[in-house]
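What follows is calculated from the coordinates using simple rules that are stated; it is not laboratory data. Computed from a prediction, not measured in an experiment: that's the story for all the values here. Glycine gets a Cβ as well: all are built from the backbone with ideal geometry, and neighbour counts include every protein chain shown.
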Amino acid sequence: MSRPDLSVLRDDVRAISAYHVPPAAGFVKLDAMENPFGLPATLAHELGARLAQVALNRYPPSDPHVFKAKLAHAIGLPAGMQLLLGNGSDELIHLVIQACAKPDASVLSPWPSFVMYELSARFDGCRFIGVPLRADFSLDRDATLDAIARDRPAVVFIAWPNNPTGNLFDRAAVTAILDAAPGLVVIDEAYLPFAQDTWIEQLLARPNLLVLRTLSKLGLAGIRLGYLAGDPAWIEQFDKLRPPYNVNVLTLAVAEFMLDQLPLLDEQAAIIRAERARLSAALRLLANVTVFDSAANFILFRVADPDGVFARLKERGILIKNVSRMHPLLAGCLRTTVGTPAENDAFVDALKTSLS
Ligand code: PMP
């Protein structure tokens with residue numbers, strides 16, 4: 001069999017490996033910041049009946065304005081601002097960067113942070129500037145402001161709270177970044193249900209601010225729906241790059257149904273926040289484990305032998321994320337998602353016997 005000639009492909013595309021999602025079947029799955037709770041059976045049946053009515057033979061509406069109005073109301077979107085829907089917030093990160101990717105454009109983020117900021121920047125031919133956090137993962141305000149003055153980034157991404165460290169940065173430092181940035185600042189509130197802290201009301205006062213959110217962490221990772229909130233002038237431009245039917249009919253139907261069930265999702269988030277406190281406290285009791293404060297639904301911790309601990313946890317049926325080689329500041333670090341009370345107990349038990 002002759003082999004395809006891949007030489008037409010971009011060298012940088014050929015050089016990288018695909019985003020790796022490890023198989024998780026059979027594991028206690030604590031690697032991807034999912035909400036561990038499913039829907040109650042009666043609600044799942046009701047949703048099934050609703051989905052049975054969806055016209056699968058039709059394309060989705062190009063602009064689902066009724067759904068968007070309902071979503072805007074549910075989140076308290078400031079009057080005059082608009083939403084753009086994406087196939088996960090991943091797609092919106094890409095669209096924003098793509099729209100700004102002039103020759104020589106750069107994208108900046110405190111670093112380490114969410115890997116897609118760097119990947120999307122690179123895919124779109126932008127220079128990526130990761131400004132190192134301090135050793136305690138706080139924002140290095142002066143270094144960030146210096147980099148902004150020097151590189152004049154088209155887009156600055158701030159994850160609020162940050163992934164994979166879990167912390168919220170100093171609000172005054174972020175305000176200084178908003179004051180200094182010459183282009184767009186995207187505040188990524190993927191973990192809003194657990195941080196309960198938002199910049200959305202700043203949209204009116206800050207025309208170059210965009211707030212990015214997702215339904216993924218709230219309990220709907222499988223449907224892939226993210227949204228970007230900002231001034232209509234920005235949204236109109238990004239919308240030109242959006243594939244016309246990027247949000248499918250099933251996603252829209254589930255999201256619309258679930259907007260009526262927000263109290264249930266909020267209740268689940270409250271349980272996860274309480275579990276986060278319980279899990280942090282349990283981890284802090286372990287010798288030779290350093291636990292970092294988290295405002296998200298995951299906890300970062302440091303151990304002496306991250307590869308060994310990760311492997312032994314896996315042998316015991318627990319899948320977390322080994323982030324120890326992502327960045328020098330994360331040396332020794334592992335990240336676990338906050339699961340159900342039973343999953344968290346199983347994780348702590350397994351960790352106790354996996355530390356050495
Ligand atoms: N932003 C941050 C900070 C994240 O951690 C994630 C997911 N890990 C995302 C965005 C992407 O979320 P999604 O594409 O599922 O909406």
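Note on TYR59 and ALA18: with the Förster distance fixed at 35 Å, the Cβ-Cβ geometry gives a FRET efficiency of about 0.75. Place a point 7 Å from Cα of ASP345 in the direction of its Cβ. Which residues in region 269-305 have their backbone N less than 19 Å from it? The answer is 271-286, whose backbone nitrogens lie closer than 19 Å to the label point.
Only Cα pairs under 8 Å and 6+ residues apart enter the sum, and on that basis the relative contact order of the chain stands at 22 percent.
Can you bin region 73-169 into rounded, prolate or oblate? Criterion: square roots of the alpha carbon gyration tensor eigenvalues sorted a ≥ b ≥ c, rounded for a/c under 1.5, prolate for a/b above b/c, oblate for the rest. Don't skip to the end; give the middle numbers.
Details: a/c = 1.70, a/b = 1.19, b/c = 1.43.
In terms of gyration-tensor shape, oblate.
Taking a span of 27 Å or more along the helix axis (Cα atoms) and a mean Kyte-Doolittle hydropathy of at least 0.0 as the rule, the DSSP H helices of the chain that qualify are 262-284. Each label point was placed 7 Å from the Cα along the Cα-to-Cβ direction; for LEU329 and GLU236 their separation is 3.8 nm.
Kindly identify region 89-242 as rounded, prolate or oblate by the Cα gyration tensor criterion: order the square roots of the eigenvalues as a ≥ b ≥ c, call it rounded if a/c is under 1.5, otherwise compare a/b with b/c, prolate if a/b is larger, else oblate. Rounded shape, in that the Cα axes give a/c under 1.5. Estimated from helical segments only, the mean residue ellipticity of the chain at 222 nm is -12000 deg cm²/dmol, where each DSSP H run of four or more residues counts as -39500 (n - 2.57).
Count the net charge of all other residues whose Cβ sits under 12 Å from the Cβ of GLN82, scoring Lys and Arg as +1 and Asp and Glu as -1.
Numbers: positive: LYS68; negative: ASP63, ASP231, GLU236, ASP239.
For residues surrounding GLN82, the net value is -3.
According to the Kirkwood relation over distinct C-alpha pairs, the hydrodynamic radius of the chain is 21.6 Å. Computed on the Cα atoms alone, the convex hull of region 169-271 gives a volume of 116 cubic angstrom per residue. Estimated at 0.36 nm per residue, the fully extended path between GLU256 and LEU9 surpasses their Cα-Cα distance by 84.9 nm. The label point for ALA25 and the one for ALA287, both projected 7 Å from the Cα toward the Cβ, are 4.1 nm apart. On full extension, the segment bounded by LYS70 and ARG134 gains 19.0 nm, given 0.36 nm per residue less the C-alpha separation. Under a Gaussian network description of the chain, with springs only between Cα atoms under 10 Å, the residue in THR290, THR144, THR336 that fluctuates furthest is THR290.
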